[in-house]
Amino acid sequence: MADYSTQPTNLKRLIAPVLFLAGVVVFFGFPFAPGEKVDFWFQSFFWNGKAWLIPHGNPLGKIIAYDGPKALLILFAVYLLVIILLPKCAPRWMNRRQAIYVFVSIALISVTSTQIRAVTNMATPLELTRYGGTFPHLLLFQLKPVGYPCHAFPAGHASGGLALISLYWAWSNQPYRKLGLWIGLGLGGFMGLYQIARGEHFLSHTLATLGLAWLLSVLLALAIKPTQTAA
């Protein structure tokens, strides 16, 4: 990813995330593209023909990979609010402007990821006949019948974790920036993989969320300019 602390602010920074997101949509959204086969292939590592690798009733998995990460993200968001409202309490690694940027990024990426699903009309693997459900697998740009599920694309649970890639643009110090990027990719990937392993999402759903998080993080960085010294 480009170094935003040294390059002048311009819309060229949008090219990479736009191309990535468009690539995911085209690769996985049309019947002529091989994306469907890739999704099925990746899903086969978590489905044995009868059950998912992580059962829905597994309480430990829910605590570690669902409720736990969500609670941590909420606590972090509250901490950011404290910094925003009481900037004198801000730590050295996060000033008020940076906190505003990361807080808005988390909120916007999470909300956008869940709201877009009403338009994309994509089913989860659990709901497909291929995996014991009742609906056929229809791609993004295929016509859907009335009543077709619409709560899968892009992935919602992983969006909170992937939103933390905004830390990369929040910090101007290079070691911190790389750490922020890996925090977002690591936590978001972990949360996304958990949902894939229990039949709630395909790989493409999580990749779409990553592309959306990347694009929105860049847009907000251009608008808020979190690396400016003024808090």
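Here, each number is a calculation from the coordinates, and none is a lab measurement. Keep in mind that what you see is a predicted model, and the values were worked out from it rather than measured. Cβ: placed from backbone, ideal geometry, glycine included. Neighbour counts: every protein chain shown.
Remark: the range 115-128, residue by residue, has Karplus-estimated 3J(HN,Hα) of 6, 4, 5, 5, 9, 6, 6, 10, 8, 7, x, 3, 8, 8 Hz, where x stands for each Gly or Pro and the curve is 6.51 cos²θ - 1.76 cosθ + 1.60 at θ = phi - 60°. Angle between the Cα long axis of helix 203-224 and the longest principal axis of the chain, 0 to 90 degrees, nearest 10? In the chain, helix 203-224 runs at an angle near 20 degrees to the longest axis. In loop segments of the range 43-104 as defined by DSSP, the chymotrypsin sites (Phe, Trp or Tyr not before Pro) with at most 13 further C-beta atoms inside 10 Å of their C-beta are F45, W93. Protection proxy ranking, highest mean first, for peptides 158-164, 18-24: 158-164, 18-24, where packing is the per-residue count of other beta-carbon atoms within 10 Å, averaged. Hydrodynamic estimate: the Kirkwood radius of the range 75-231 over Cα pairs, inserted into Stokes-Einstein at 10 °C and 1.306 mPa s, corresponds to D of 96 µm²/s. If you take the square roots of the eigenvalues of the alpha-carbon gyration tensor of the range 1-117 and sort them as a ≥ b ≥ c, do you get rounded (a/c under 1.5), prolate (a/b over b/c) or oblate? Oblate, since a/c reaches 1.5 and b/c is not below a/b. In terms of its C-alpha gyration tensor, the range 49-152 has an oblate overall shape, because the principal axis ratio a/c (a ≥ b ≥ c, square roots of the eigenvalues) is not below 1.5 and a/b does not outweigh b/c.
Note on the chain: Lys pairs 8 or more places apart or on different chains, Cα atoms under 23 Å apart, count 9. Label-to-label distance for N173 and L60 is 3.8 nm, based on points extended 7 Å past Cα in the beta-carbon direction.
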